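*Asks:* Starting off with a structure, shown below.
The values are calculated or read from the model by the stated rules, or taken from the named source; none is laboratory data. None of the values given here were measured: they were computed from a predicted structure. Note that we place each Cβ from the backbone using ideal geometry, even for glycine, and neighbour counts take in every protein chain shown.
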Amino acid sequence: MIKKKILVTGGAGFLGSHLCEKLLNQGHEVVCMDNYFTGQKQNVVHLLKNPFFELIRHDVTMPFFIEVDEIYNLACPASPVHYQYNPIKTVKTSVMGAINMLGLAKRIRAKVLQASTSEVYGDPEIHPQTESYWGHVNPIGPRSCYDEGKRVAETLFVNYHKQNKVRIKIIRIFNTYGPRMHPNDGRVVSNFIVQALKGEDITIYGDGTQTRSFCYVDDLLEGMVRLMNSREEFTGPVNIGNPGEFTMIELAEKVLKLTGSKSKLIHLALPADDPLQRKPDISLARKELGWEPAIALEEGLVKTIEYFKTII
Ligand code: NAD
Ligand code: UDP
């Protein structure tokens with residue numbers, strides 16, 4: 001194995017902290033950069049005793065200089081509640097963050113991976129979503145700061161590749177869950193588990209018939225690292241997610257069953273532009289990366305519930 005020096009932006013967040021851990025376990029040297037907007041030091045504190053791990057407080061919208069072989073660009077709030085808190089900052093994080101990381105990669109000849117999202121498909125009119133689908137995004141809606149920011153980031157990646165020969169990889173991540181999601185993160189899996197464990201009402205937005213496909217964090221990261229190590233000409237974008245599709249009512253019922261909770265389901269207003277359906281077509285990931293998820297929803301929920309029991 002060749003030991004690499006790897007930068008992970010957003011490394012103190014949910015996915016970033018697991019990624020830092022995985023790369024260290026593979027024997028690499030990891031620099032974690034984060035401004036702690038939604039992430040926390042607590043997520044990586046256990047890694048600080050490793051001499052090959054370095055933690056730097058920095059905002060990705062500001063230029064950053066370092067010598068590394070690879071960059072995983074994950075810096076960006078991911079929960080609708082957090083990315084809508086300061087929409088202008090969310091756009092800046094995606095767009096200026098991408099420019100800064102691509103500029104850095106160009107200068108030091110590093111390979112760079114962009115954490116894109118199924119949100120580039122917006123409220124999709126084709127189902128399941130393939131990478132060739134251009135999407136259905138409202139450019140002025142409440143989700144646009146995130147969706148359009150991520151879409152421009154993809155544009156920047158593709159053009160730095162074409163124009164400047166930067167080695168790029170783009171992963172389109174579908175809803176991912178697991179231990180270390182923030183309990184107040186506002187995303188559906190963490191909300192339902194926390195509510196069930198506390199005996200509070202389970203908040204279903206709208207009638208709960210909208211669907212999502214949930215991928216366990218370990219599966220997602222296996223796909224992400226495989227993409228980074230894939231053949232040079234393969235840049236993506238590639239969907240990584242679990243094609244199992246569930247309504248929010250089905251998810252709530254599973255959480256109630258697995259926690260043994262007596263919480264009641266209540267219905268709240270559906271947020272504007274909330275996508276009705278989402279399910280990845282993962283044929284490309286199967287073909288190019290030999291990847292498919294191994295952890296079914298109930299199995300992943302059990303692990304996630306165990307984690308939340310330790311922090312609540
Ligand atoms: P998260 O909020 O836990 O992690 C994001 C991290 O980025 C946090 O540690 C945060 O502090 C940091 N960050 C935010 N703005 C920053 C800035 N300006 N400078 C430096 N750091 C900054 O969310 P996550 O679920 O771990 O998501 C990680 C990445 O994956 C994000 O780019 C997100 O858009 C993408 N993604 C995640 C999912 C998912 O379901 N988890 C789905 C699609 C895409
Ligand atoms: N949702 C819900 N109750 C909650 C939080 C979310 O019913 O307490 C719904 C939300 O309206 C959406 C789905 O769950 O339809 C997934 O929401 P999340 O914020 O996790 O992710 P995203 O909408 O970005 O896929």
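*Asks:* Could you please tell me which pairs satisfy a Cβ distance under 9 Å, a separation of 6+ or placement on different chains, a first residue in the range 206-224 that is at positive phi, and a second residue that is in a loop (DSSP other than H, G, I, E, B)?
*Replies:* 206/269; 206/270; 206/271; 206/274
*Asks:* Mind listing just one residue for me: the one in the range 140-198 that is of a type in the set (Phe, Trp, Tyr) and within 30 Å of residue 230 (Cα to Cα) and, of those, nearest to the chain's Cα centre (by Cα)?
*Replies:* Only one residue fits best here, namely 174.
*Asks:* What's the number of the only condition in (1) among the acidic types (Asp, Glu); (2) touching a Gly at 6+ places or on another chain (Cβ under 8 Å); (3) within 16 Å of ligand 2 (Cβ to nearest atom) that residue 123 fails to meet?
*Replies:* (2)
*Asks:* I need every pair where a residue in the range 259-274 that is under 30 Å from residue 147 (Cβ atoms) has its Cβ under 6 Å from the Cβ of a residue that is part of a loop (DSSP other than H, G, I, E, B) and at pLDDT 95 or above, sequence separation at least 6 or different chains.
*Replies:* If the second residue must be part of a loop (DSSP other than H, G, I, E, B) and at pLDDT 95 or above, the pairs left are 266/201; 270/206; 272/142; 273/138; 273/141; 273/143.
Each row is one residue, and each column tells you yes or no for (1) modelled with pLDDT under 95; (2) outside any helix (DSSP H, G or I); (3) surrounded by fewer than 20 Cβ atoms within 10 Å (Cβ to Cβ); (4) within 14 Å of ligand 2 (Cβ to nearest atom).
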position	(1), (2), (3), (4)
159	no, no, yes, no
162	no, no, yes, no
172	no, yes, no, yes
192	no, no, no, yes
208	no, yes, yes, yes
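*Asks:* In the range 196-205, is there at least one residue being buried (at least 20 other Cβ atoms within 10 Å of the Cβ) and touching a Ser or Thr at 6+ places or on another chain (Cβ under 7 Å)? Lay out the reasoning, then the answer.
*Replies:* From the range 196-205, those buried (at least 20 other Cβ atoms within 10 Å of the Cβ) are 196, 202, 204; that's our starting set.
Add one more test, that the residue is touching a Ser or Thr at 6+ places or on another chain (Cβ under 7 Å), and what stays is 196, 202.
Checking the range 196-205: at least one residue is buried (at least 20 other Cβ atoms within 10 Å of the Cβ) and touching a Ser or Thr at 6+ places or on another chain (Cβ under 7 Å).
*Asks:* Which one of the conditions (1) in a loop (DSSP other than H, G, I, E, B); (2) more than 16 Å from ligand 2 (Cβ to nearest atom); (3) at negative phi; (4) within 17 Å of the chain's Cα centre (by Cα) does residue 38 fail to meet, given that it meets all the rest?
*Replies:* For residue 38, the exception is condition (2).
*Asks:* So the check is Cβ under 8 Å with 6+ separation or different chains; which pairs have a first residue in the range 28-55 that's of a type in the set (S, T, N, Q) and a second one that's away from ligand 2 (no atom under 16 Å from the Cβ) and not in a helix (DSSP H, G or I)?
*Replies:* Every condition considered, the pairs that remain are 35/57; 35/58; 35/59; 35/60; 35/75; 40/12; 43/12.
*Asks:* For the range 1-17, give me each residue that is assigned to a helix (DSSP H, G or I) and more than 11 Å from the chain's Cα centre (by Cα).
*Replies:* Hit for the range 1-17 is 17, nothing else.
*Asks:* Under 9 Å between Cβ atoms, at least 6 apart or on separate chains: pull out the pairs that start in the range 112-133 with a residue that is at positive phi and in contact (Cβ under 8 Å) with a residue 40 or more places away in the chain and end on any residue that is acidic (Asp, Glu) and not in a strand (DSSP E or B).
*Replies:* 122/147; 122/273
*Asks:* What's the number of the condition residue 138 fails, among (1) in contact with a Lys or Arg (Cβ under 7 Å, 6 or more places away or on another chain); (2) in contact (Cβ under 8 Å) with a residue 40 or more places away in the chain?
*Replies:* Exception for residue 138: condition (1).
*Asks:* Kindly check whether there is at least one residue in the range 64-71 that is aliphatic (A, V, I, L, M), buried (at least 19 other Cβ atoms within 10 Å of the Cβ) and closer than 30 Å to residue 140 by Cβ.
*Replies:* Just the residues of the range 64-71 that are aliphatic (A, V, I, L, M), to begin with: 66, 68, 71.
With buried (at least 19 other Cβ atoms within 10 Å of the Cβ) added as a condition, the list becomes 68, 71.
The next check asks that each one be closer than 30 Å to residue 140 by Cβ; those that pass are none.
There is no residue in the range 64-71 that is aliphatic (A, V, I, L, M), buried (at least 19 other Cβ atoms within 10 Å of the Cβ) and closer than 30 Å to residue 140 by Cβ.
*Asks:* For residue 90, which of the numbered conditions (1) within 16 Å of ligand 2 (Cβ to nearest atom); (2) in contact with a strand residue (DSSP E or B) (Cβ under 7 Å, 6 or more places away or on another chain) fails to hold?
*Replies:* Every condition holds for residue 90 apart from (2).
*Asks:* Would you point out which residue out of 83, 72 is of a type in the set (Phe, Trp, Tyr) and in contact with a Leu (Cβ under 6 Å, 6 or more places away or on another chain)?
*Replies:* The match here is 72.
*Asks:* Report yes if residue 120 is within 14 Å of ligand 1 (Cβ to nearest atom), in a helix (DSSP H, G or I), among the hydrophobic types (A, V, I, L, M, F, W, C) and surrounded by 18 or more Cβ atoms within 10 Å (Cβ to Cβ), otherwise no. If you could, list the steps in order and put the result at the bottom.
*Replies:* On the way: within 14 Å of ligand 1 (Cβ to nearest atom): yes; in a helix (DSSP H, G or I): yes; among the hydrophobic types (A, V, I, L, M, F, W, C): yes; surrounded by 18 or more Cβ atoms within 10 Å (Cβ to Cβ): yes.
Yes.
*Asks:* Take the residues in the range 45-74 that are within 21 Å of the chain's Cα centre (by Cα) and part of a loop (DSSP other than H, G, I, E, B), then tell me which one is nearest to residue 28 (Cα to Cα).
*Replies:* Of the range 45-74, the ones within 21 Å of the chain's Cα centre (by Cα) are 45, 47, 55-61, 70-74.
Next, only the ones that are part of a loop (DSSP other than H, G, I, E, B) stay: 58-61, 74.
Details: 58: 21, 59: 23, 60: 22, 61: 26, 74: 18 Å.
Applying the filter and picking the extreme gives 74.
*Asks:* Ok, one more. May I ask you to verify whether residue 29 is surrounded by fewer than 20 Cβ atoms within 10 Å (Cβ to Cβ), more than 11 Å from ligand 1 (Cβ to nearest atom) and under 29 Å from residue 163 (Cα atoms)?
*Replies:* Here the answer is no, as residue 29 does not meet what is asked.
*Asks:* Among 126, 140, 99, 56, which is the only one that is farther than 28 Å from residue 189 by Cα, away from ligand 1 (no atom under 12 Å from the Cβ) and either surrounded by 20 or more Cβ atoms within 10 Å (Cβ to Cβ) or at pLDDT 95 or above (or both)?
*Replies:* Working: 126 fails: farther than 28 Å from residue 189 by Cα; 140 fails: farther than 28 Å from residue 189 by Cα; 56 fails: away from ligand 1 (no atom under 12 Å from the Cβ).
Result of the check over 126, 140, 99, 56: 99.
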